[in-house]
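Below: the structure, in structure tokens.
The values are calculated or read from the model by the stated rules, or taken from the named source; none is laboratory data. All figures in this text were calculated on a predicted structure; none of them were measured in a lab. Neighbour counts are summed over all protein chains in view; Cβ atoms, including those assigned to glycine, are modelled from backbone coordinates with ideal geometry. Side chains are part of the model used for accessible areas, which takes the heavy atoms of the whole protein and leaves out ligands, DNA and RNA. Shrake-Rupley method; radii C 1.70, N 1.55, O 1.52, S 1.80 Å.
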Amino acid sequence: MIPAPTVLVLNARPAKVLQHHVSQLQSHGYTVNVCTDLQALCQSAAQYLGQFNTPWAIMLASSFVDNCGAARRLRGLFPAVGILALVTSGKEGLLTHALRSGADNYCRYSASAALLMATLHPLLARAAAAGLSVFPAAQVSGMPEAPEYWALVERGWVLIGPQQQRIRLTTGERALLSTLVAAPGLRVSHGRLLNAINCSYPGSRRPYHHARLTLLVSRLRRKLRAQGCEAPFKSVHRWGYMLTSLVHDRS
């Protein structure tokens, strides 16, 4: 029996028009998995990459800005996966930006079911031909190695590294990573991180400020390097930090 093709959908803002698309895809034999945040979508994609014998692709159905950010993130983690971005505007500049962000193609929210499926089909066919659905990326010739996987366990006090390292976290480090993992876009501003860290130290006479946040991050990076791994996040210049690897919250 040939498995049904699967479409993983990112939709942080449920809309009736998407519900219509989902129903149409399901009625034509597609399996649709709707995720309300990027972290959940990344986790589902990682599972399909290595465990499910079925062709699959990703459809981005959030705001234009969120779709572009998600496309960049997903393209870095899953270079071979097909990505379709839904758009509300046909302006050339916006469409070009969506494609440059990492989407393979785009389709209007107002498109018919026939056009939507015709746009998705080549992405699914490519996945099936490449064996993307059958093997982890590291086992398929010509594909990059699978992304690193991390996990927060023991109520967030321990970070499991990609080689099963166990890194005990301080209160501030736990607040930093937990906030990043829970963020819808997997990125958090300095202000929000400082607030989360300070809330984790109730009654402290020495609240964290930007300099102490930088020191906390530097110490955490050194702690991780001592365990043979690089931090699963990076600095966003003059704004905050963002995750660069999948971090599962199993706390």
* To do: In whole Hz, with x marking every Gly and Pro, tabulate ³J(HN,Hα) for the stretch 223-235 from phi via Karplus 6.51 cos²θ - 1.76 cosθ + 1.60, θ = phi - 60°.
  => 4, 5, 4, 5, 9, x, 9, 8, 4, x, 8, 9, 7
* Asked: With each label point set 7 Å from Cα along the Cα-Cβ vector, what nm distance links ALA211 and HIS248?
  -> 4.1 nm
* Structure fact -> Simple SL model, points at 7 angstrom along Cα→Cβ for THR88 and LEU115; separation in nm is 1.7 nm
* Structure fact -> Expressed as a whole-number percentage, the relative contact order of the stretch 36-87 with C-alpha contacts under 8 angstrom and at least six residues apart is 41 percent
* **Potential lengthening between SER204 and ARG221 on full extension [0.36 nm per residue; Cα-Cα distance subtracted]** => 3.7 nm
* Asked: Among 168-174, 24-30, what's the highest-first ranking by average C-beta atoms within 10 angstrom per residue?
  -> 168-174, 24-30
* Which residues does a label at SER63 reach in the stretch 102-129, if reach means a backbone N under 18 Å from a point 7 Å past the Cα toward the Cβ? -> 109
* **Fraction of accessible area attributable to carbon and sulfur, the stretch 169-248 (%, probe 1.4 Å)** => 51 percent
* Asked: Computed FRET efficiency, Cβ-Cβ of GLN24 and GLN164, R0 41 Å: what is it to the nearest 0.05?
  -> 0.40
* Inter-label distance, nm, simple model (7 Å from Cα along the C-beta direction), LYS234/THR31 -> 3.3 nm
